[in-house]
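Reading through the structure tokens given below for one structure.
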Amino acid sequence: MSRIGKLPISIPAGVTIAQGNDGVITVKGPKGELSQKVDSSIIVKIEDGQVMFEVDEKSPVNIKQKQAFHGLYRALVHNMVVGVSEGYKKELELVGVGYRVSNQGNLIEFSLGYTHPIFLQLPKEVKVETKMERNQNPQIVLESCDKQLLGLICAKIRSFRKPEPYKGKGILFKGEVIRRKSGKSAAAK
């Protein structure tokens, strides 16, 4: 059995969880609404302000696969509950001379040292804010109730200029430390 799958999820105030006949769990809260289809080998019980997940022993699915699903769906539903009640927030930082970012609504414009600006249209579920202050690196603040979508968008933005180890330039998460390499000058000694 999965250790994570055994843990119950407590439902905070203002959050409602509903289970459909087709195995879809819908979570509604003050920050939004999310849904997730749960495999038929996992039994979901919603009672006493808690959500419990159990493995269906009669299911024809492989036992290893059932155990993996047990922890997976518990973690996904937990992320949904936290997302609709508190929300998720990621901060990115642009490190490099002349790197700029601006937004108009959910359209972000990046100037990252290429010959052309890069535009990225974000989905409506994600809120974006850009900060450009003097003597500080430009910052992007992303907020959403969907943790998976937020991670995908951060990965996409980061792929425009990955942090590189020689000069430390690129798009990185706030507080992230890049392991620096010394380059040719250190090898010659």
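The values are calculated or read from the model by the stated rules, or taken from the named source; none is laboratory data. None of these values were measured; they are calculated from a predicted model. Cβ atoms come from the backbone with ideal geometry, glycine included; neighbour counts cover every protein chain shown. Surface areas here come from the heavy atoms of the whole protein model, side chains and all, with no ligands, DNA or RNA. Shrake-Rupley method; radii C 1.70, N 1.55, O 1.52, S 1.80 Å.
Observations on the structure shown:
- Within region 113-126, residues that are over 16 Å from Ser144 (Cα atoms) sit with their Cβ atoms under 6 Å from residues that are surrounded by 14 or more Cβ atoms within 10 Å (Cβ to Cβ) and among the small types (Gly, Ala, Ser), at 6+ positions apart or across chains, in these pairs: Pro117/Ser111.
- Scanning region 133-170 for residues that are surrounded by fewer than 17 Cβ atoms within 10 Å (Cβ to Cβ), hydrophobic (A, V, I, L, M, F, W, C) and touching a strand residue (DSSP E or B) at 6+ places or on another chain (Cβ under 7 Å) yields Val141, Phe160.
Okay, residues lined up against (1) under 30 Å from Glu133 (Cα atoms); (2) open to solvent by less than 40 Å² (accessible area, probe 1.4 Å); (3) of a type outside the set (D, E, K, R):
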residue	(1), (2), (3)
Phe53	no, yes, yes
Pro60	no, no, yes
Ile63	no, no, yes
Leu76	no, no, yes
Glu86	yes, no, no
Lys90	yes, no, no
Glu93	yes, yes, no
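- Restricting region 123-132 to residues that are open to solvent by 30 Å² or more (accessible area, probe 1.4 Å) and assigned to a loop (DSSP other than H, G, I, E, B), the residue that is farthest from Glu86 (Cα to Cα): Met132
- Count of residues meeting criterion [closer than 18 Å to Asn103 by Cα and in a loop (DSSP other than H, G, I, E, B)] in region 137-160: 2
- Residue within region 104-113 that is modelled with pLDDT under 95, surrounded by 12 or more Cβ atoms within 10 Å (Cβ to Cβ), under 29 Å from Ser35 (Cα atoms) and among the polar types (S, T, N, Q) present: yes
- Taken as a whole, the structure places Leu120 among residues that are part of a strand (DSSP E or B), aliphatic (A, V, I, L, M) and surrounded by 15 or more Cβ atoms within 10 Å (Cβ to Cβ).
- Filter result (in a loop (DSSP other than H, G, I, E, B) and either among the small types (Gly, Ala, Ser) or touching a helix residue (DSSP H, G or I) at 6+ places or on another chain (Cβ under 6 Å) (or both)) within region 43-77: Gly49, Ser59
- Within region 12-42, the set of residues being open to solvent by less than 60 Å² (accessible area, probe 1.4 Å), assigned to a strand (DSSP E or B) and either of a type in the set (S, T, N, Q) or over 24 Å from Glu125 (Cα atoms) (or both) comprises Thr26, Gln36, Ile42.
- For region 168-178, the candidate set comprises residues that are modelled with pLDDT of 90 or more and in a loop (DSSP other than H, G, I, E, B); within that set, the residue that is nearest to Arg100 (Cα to Cα) is Lys169.
- Some residue of region 82-96 being farther than 21 Å from Ser35 by Cβ and among the hydroxyl-bearing types (Ser, Thr, Tyr): no
- Within region 1-34, considering residues that are touching a residue at least 40 places away in the same chain (Cβ under 8 Å) and of a type in the set (S, T, N, Q), the one farthest from His78 (Cα to Cα): Ser2
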